[in-house]
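K.L.:
Sharing a structure, written as structure tokens. Questions coming.
The values are calculated or read from the model by the stated rules, or taken from the named source; none is laboratory data. Source: prediction; values computed, not measured. So basically every Cβ, Gly included, is an ideal-geometry build from the backbone, and we count neighbours across all protein chains shown.
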Amino acid sequence: MSEQTRVMRGGGAEELTRDQLREIYYYLQLTRQVEQVLANLYRQNKVIGGLYRSLGQEATAVGSAYALRRASDGTGDVIAPAIRNLGSLLVMGVRPVDVMRQYMAKADSPTAGREQNVHFTDYGLGHIGLISHLGVMVEVMAGVALSFRLRGQDRVALTYIGDGGASTGACHEGLNLAAVQRAPLILIIENNGYAYSTPVPRQTAASSFVVRSRALGIHGARCDGNDVFAVLEATRTAVDRARRGGGAALIEVMTYRRKGHAEHDAQAYVPPEELSSWEARDPVDRFERTVLDRELLDRHELDAIQARVTAGVEEARDAAESSPLPQPAEALAEVWAGIATPPPWTRREPVDPFQA
């Protein structure tokens, strides 16, 4: 293994303060419980569009985002989440009630009902909404990272891609641009075993994704994506290096998607024993075992955090369900800046489709 490509094995729990450990556990629990509520709402037909859960992958989103400099005034680091990175949004400061309103397309959601799931932006908190075309956000965030370097700011940009999306041209082009320009871009490739239903060996002949870092001449690391401490260590190393002018980095996290591509996917292509094997490596359970075995936190503290999360998530759910749906007449408002939008032809008197 070269100096540029390191295997991160975690073990950094003792280096964190008790408050930091509590905070990490809070976000792990928050991610899981928010998604469970969303799954229940989906089954009640209250979620508009698809639901893409991160069950089994929470440590990747939480650990990576926790390594960043967070702010609420637009001066911190910037992330662009993928569909299974709800945890990173929560760490950056997005409120659970706004996530639920977004999924339910409510009028007071971040996009006023025009978009769903993680497709929304908050420049103040430092997150840029996902573009559905796989790989494109790598190019976008390469540009964001380059802007930090050109302005002399010690900020970093971080984005995620799945193992399938990592094979797109946009992903290669964006990361190569960041490499050549020494832009502070951190790309996390979530190797969760499947690109929808396609196993990793069916879509790449490479032995790993991190080997691509050598070809690009950038820092590379591989870590256990179900160990939040390993993800945090790998990301912090890459982030600190990027802040010092070291340029881009690629981190491959080895994890597993324990639900289908979306809630409608029954995972018939997955061997049952494979699911059982990865369930035993659940990232939330592993965190609990680590801090309890090493006497870093006690059971009372963990139970108190879990109860606080449950109460907050239930409160957010009730608030989101009571939020109003958007009015049809407001659908075109604020779509074009500074342009008064005429009523659609279906609302005109008399109705004239030729004036559409």
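K.L.:
Considering only region 19-64, state which residues are within 13 Å of Val284 (Cβ to Cβ) and of a type in the set (Phe, Trp, Tyr).
P.N.:
Those that are within 13 Å of Val284 (Cβ to Cβ) and of a type in the set (Phe, Trp, Tyr): Tyr25, Tyr26, Tyr27.
K.L.:
Moving on. Out of the residues in region 85-114 that are of a type in the set (Lys, Arg) and at pLDDT 95 or above, which is farthest from Ile48 (Cα to Cα)?
P.N.:
Looking at residues that are of a type in the set (Lys, Arg) and at pLDDT 95 or above, I get Arg95.
K.L.:
Does Phe209 satisfy the criteria of being buried (at least 21 other Cβ atoms within 10 Å of the Cβ), in a loop (DSSP other than H, G, I, E, B) and not basic (Lys, Arg)?
P.N.:
Against the criterion (buried (at least 21 other Cβ atoms within 10 Å of the Cβ), in a loop (DSSP other than H, G, I, E, B) and not basic (Lys, Arg)), Phe209 qualifies.
K.L.:
Residues in region 7-14: is at least one at pLDDT below 90, acidic (Asp, Glu) and either surrounded by fewer than 19 Cβ atoms within 10 Å (Cβ to Cβ) or assigned to a loop (DSSP other than H, G, I, E, B) (or both)?
P.N.:
Scanning region 7-14 turns up at least one residue that is at pLDDT below 90, acidic (Asp, Glu) and either surrounded by fewer than 19 Cβ atoms within 10 Å (Cβ to Cβ) or assigned to a loop (DSSP other than H, G, I, E, B) (or both).
K.L.:
For the structure I just gave you, tell me whether Ala307 is surrounded by fewer than 12 Cβ atoms within 10 Å (Cβ to Cβ), part of a loop (DSSP other than H, G, I, E, B) and over 20 Å from the mean Cα position of the chain (by Cα).
P.N.:
Numbers: surrounded by fewer than 12 Cβ atoms within 10 Å (Cβ to Cβ): yes; part of a loop (DSSP other than H, G, I, E, B): no; over 20 Å from the mean Cα position of the chain (by Cα): yes.
For Ala307, the condition - surrounded by fewer than 12 Cβ atoms within 10 Å (Cβ to Cβ), part of a loop (DSSP other than H, G, I, E, B) and over 20 Å from the mean Cα position of the chain (by Cα) - is not met.
K.L.:
Residues in region 259-281 that are of a type in the set (D, E, K, R) and either buried (at least 19 other Cβ atoms within 10 Å of the Cβ) or touching a helix residue (DSSP H, G or I) at 6+ places or on another chain (Cβ under 6 Å) (or both): how many?
P.N.:
Matching residues across region 259-281 total 2.
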